Amino acid sequence: MNAAIRVLVVEDEDDARELTVRGLARLGYEAAGACDGVDALARLPRGWDVVVTDLRMPRLDGLQLLGELRTRLPGAVRVVITSFGDKDSVLAALNGGADYLLEKPFAVRQLAELLQRLLRDRREASEVDQLFARRLATMPLTAREREMVVLVLKGLANKEIADALGIGEQTVKNALAAVYGKLGVTSRGQLFHHIFPV
């Protein structure tokens, strides 16, 4: 069932890493370990569906690894193993692109169930994106405008759209006004009904 799911476990404690890798392998995952972020980066070309990483490691820590994963392996699910006592690290991990924070100690079966859920959610989100893309393909919008409309359809506020696209909030407002003008609508509600007529 999990044979196609490839998991890289990045953990500097040898025993914890080996127990996790062996446990995932017993449950049918294709799992391997890396002793720190530098070791993990060397293994990225093999491609992984999931990267599970500790935060505190020598040479290259979990936060630095998350930054590298965003550009080198953007499609991978990213799970960070942490102690929730360190709120700054938790926030930094979430801002750095972690999909989920898993508190130590944890059972391998708990991790496996989490991975199944995260991968299922990722697949469903991808299907929604494809539906939106098909609906928008025939509309007179630029690629950037389509990207923005998808975020509107997902319910993001202007500030969240600005953060997601790395632009200013006023730029989002101006671009959406242009989109509304092109499509002959005046609100988010009308935009939704224009794209998905009832």
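Quick note: the coordinates plus some simple rules give every number you see, no bench work behind them. Since the structure is predicted, the reported quantities are computational estimates derived from the model, not experimental observations.
Note the listed values [x] 145; [y] 100; [z] 126, then indicate which one is volume of the Cα convex hull per residue in Å³ calculated from this particular structure. Only one listed value fits the structure, namely [x].
Any idea what angle helix 14-26 forms with the longest principal axis of the chain, computed on alpha-carbon atoms, 0 to 90 degrees, nearest 10? Long axis of 14-26 versus the principal axis of the chain: about 70 degrees. In this structure the amide hydrogen of residue 34, modeled in the peptide plane, comes within under 5 Å of the amide hydrogens of 9, 10, 11, none closer than 5 places in sequence on its chain. Candidate cross-link partners of residue 154 among the lysines, defined by an alpha-carbon separation under 17 Å and a same-chain spacing of 8 or more, comprise 173.
Contour minus end-to-end for residue 188 and residue 164, with contour as 0.36 nm per residue of separation and end-to-end as the Cα-Cα distance? If you can, show how the numbers build up before the last one.
Working: separation 24, 0.36 × 24 = 8.64 nm, distance 1.83 nm.
Difference between extended and current length: 6.8 nm.
Whole-percent P(r), region 139-195, all Cα pairs, 10 Å bins from 0: 25, 63, 13. Amide H contacts for residue 57 (H built 1.01 Å from N in the peptide plane; partners 5 or more residues away or on another chain; cut-off under 5 Å): 62.
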